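Asker: Dumping the structure here so I can ask a few things about it.
The values are calculated or read from the model by the stated rules, or taken from the named source; none is laboratory data. Please read all numbers here as calculations on a predicted model, not as lab measurements. Cβ placement follows ideal geometry from the backbone for every residue including glycine, while neighbour counts extend to all protein chains displayed.
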Amino acid sequence: MNAYEIAKEQYAGLGVDTEKVLDKLKSIPVSLHCWQGDDVTGFDQKGPLTGGIQTTGNYLGRARNPEELFEDIRKVFEITPGTKKLNVHASYAIFDEGEFADRDKIEPRHFKRWVELAKEYGVGIDFNPTFFSHPMVKDGLTLTSPDENVRRFWIEHGKACIRIANYFARETGQTCVINFWIGDGYKDIPADRMGPRLRYKDSLEQIFTESYDFDKVKPCVESKVFGIGVESFTAGSSEFALSFAATHDRCIPLMDNGHYHPTEVVSDKIPALLCFFDEIALHITRPVRWDSDHVVLFDDETKEMAKEIVRSDALDRVYMALDYFDASINRIGAWATGFRNWQKALLNAMLMPHDKLKELQNAGRFSELMACQEGLKLLPVGAVWDEYLRRCGVKGELEWFEDVLAYEKETLSNRK
Ligand SMILES: [Mn+2]
């Protein structure tokens, strides 16, 4: 017997059908963020990254244009298993030679090439309005700005993005999750915390008057606790975003696990929200002391987040997207490592006998529960993972990076 067959028998003994797990895992869409490829630069402006977020590092080979970014995305698709979606920011509009449309005026046709790429792979597209890195961000504010011209510009941007999300859903035939995140806030102690939030609420309500079919287009509101330069106050806090989503139909909450206090964990928040929301969305990242957007690892909290989704039987209620950007290492390697690790975390969670574990908990057999949970950690998840990679036609754990090195040598090193 090979390693997978032995593992399959071992899991069968626990009541876990590895064949079913492998089929299911292959079908779960995970959204791959386009912004890992170019350090969140985008194509529509040349200014610095703003909005309280930062990329660090200057590894060779950053994608500088749509052609290079698409080339890199193709490589990532090739070296990662499972079903993907493309996750695109509005700042990645692609204009014809000599053409330009500002963020309040962008149209579906500016994203035609993204649709072509998605169709080539038969994947869906998720979308994000870009409320940062733009001259109309005034004093760090967009949808909360007391300047009505500024606020109006960004409301129009939001509406334009909903029209583009409609286009993505229509063209791909798949759900388009459109995520609203703003970095609006204040560096120092504000004199008014409610005013900006009321303006944010009103802005979102105006944006969501743009028509969309909630079966196909899923607007989300993403919260954040702080950003660089906006340490004292963030308008779109957790309470704000959750309350907004809870009190507005046709809108769902999005949790980014880098957007909370360092000792808070999103794994615990997932089942809490699932008690109240039909659907939720996640940005999966790795915060190191702050919202540093490090590459997702196969670490304890990543595993715990996946377990909570699986245990809650909510794989079809949680929209999963990756969100990190590391410019200090090979960006293709970063992209693929994080994508592969979230797949691993899902697999690990799907191989657990959750019903049995719940029974132990409900019977108060806590020492047995602990022993069992610890025992599960050394079961041959790796053998099932290897089999999954084989079936997906993707190279094994200690081999795939060769492709990244070859790509760096042949392609990335020429980008100077
Ligand atoms: Mn995020």
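Asker: Can you pull out every residue in segment 106-140 that is closer than 17 Å to Trp181 by Cα, touching a helix residue (DSSP H, G or I) at 6+ places or on another chain (Cβ under 7 Å) and in contact (Cβ under 8 Å) with a residue 40 or more places away in the chain?
Answerer: Once the filter is applied, which keeps residues that are closer than 17 Å to Trp181 by Cα, touching a helix residue (DSSP H, G or I) at 6+ places or on another chain (Cβ under 7 Å) and in contact (Cβ under 8 Å) with a residue 40 or more places away in the chain, segment 106-140 yields Phe127, Asn128, Pro129, Thr130, Phe131, Ser133.
Asker: Next question. Of Lys224, Lys218, which residue is touching a residue at least 60 places away in the same chain (Cβ under 8 Å), assigned to a loop (DSSP other than H, G, I, E, B) and crowded, with 19+ Cβ neighbours inside 10 Å?
Answerer: Working: Lys218 fails: assigned to a loop (DSSP other than H, G, I, E, B).
Sole residue among the options that is touching a residue at least 60 places away in the same chain (Cβ under 8 Å), assigned to a loop (DSSP other than H, G, I, E, B) and crowded, with 19+ Cβ neighbours inside 10 Å: Lys224.
Asker: Given the criterion surrounded by fewer than 22 Cβ atoms within 10 Å (Cβ to Cβ), among the aromatic types (Phe, Trp, Tyr) and within 16 Å of the ligand (Cβ to nearest atom), identify the matching residue among Trp342, Trp290.
Answerer: After applying the criteria, what remains is Trp290.
Asker: Next question. Looking at (1) more than 13 Å from the ligand (Cβ to nearest atom); (2) surrounded by 18 or more Cβ atoms within 10 Å (Cβ to Cβ), which one does Glu239 not meet, given that it meets all the others?
Answerer: Exception for Glu239: condition (2).
Asker: Here's another thing I want to ask about it. With (1) farther than 30 Å from Gly375 by Cα; (2) at pLDDT 95 or above; (3) among the polar types (S, T, N, Q) as the list, and Thr56 as the residue in question, which single condition is left unmet?
Answerer: Answer for Thr56: the failing condition is (2).
Asker: Within segment 365-380, how many residues are surrounded by 10 or more Cβ atoms within 10 Å (Cβ to Cβ), assigned to a helix (DSSP H, G or I) and more than 34 Å from the chain's Cα centre (by Cα)?
Answerer: Of the residues in that region, 2 qualify.
Asker: Using beta carbons and a limit of 9 Å, which pairs, at least six apart or on different chains, have the first residue in segment 166-182 and closer than 22 Å to Lys201 by Cα and assigned to a loop (DSSP other than H, G, I, E, B) and the second one within 16 Å of the ligand (Cβ to nearest atom) and acidic (Asp, Glu)?
Answerer: Going by the 9 Å Cβ cut-off, the qualifying pairs are Trp181/Glu222; Trp181/Asp256.
Asker: For the subset of segment 381-403 comprising residues that are among the aliphatic types (A, V, I, L, M) and out of contact with any Leu (no Cβ under 7 Å at 6 or more places or on another chain), which member is surrounded by the fewest Cβ atoms within 10 Å (Cβ to Cβ)?
Answerer: Our first condition is that a residue be among the aliphatic types (A, V, I, L, M); within segment 381-403, this holds for 381, 383-384, 389, 394, 398.
If we keep only those that are out of contact with any Leu (no Cβ under 7 Å at 6 or more places or on another chain) too, we end up with 383, 389, 394, 398.
Values: Ala383: 19, Leu389: 20, Val394: 20, Leu398: 7.
Taking the candidates together, the pick is Leu398.
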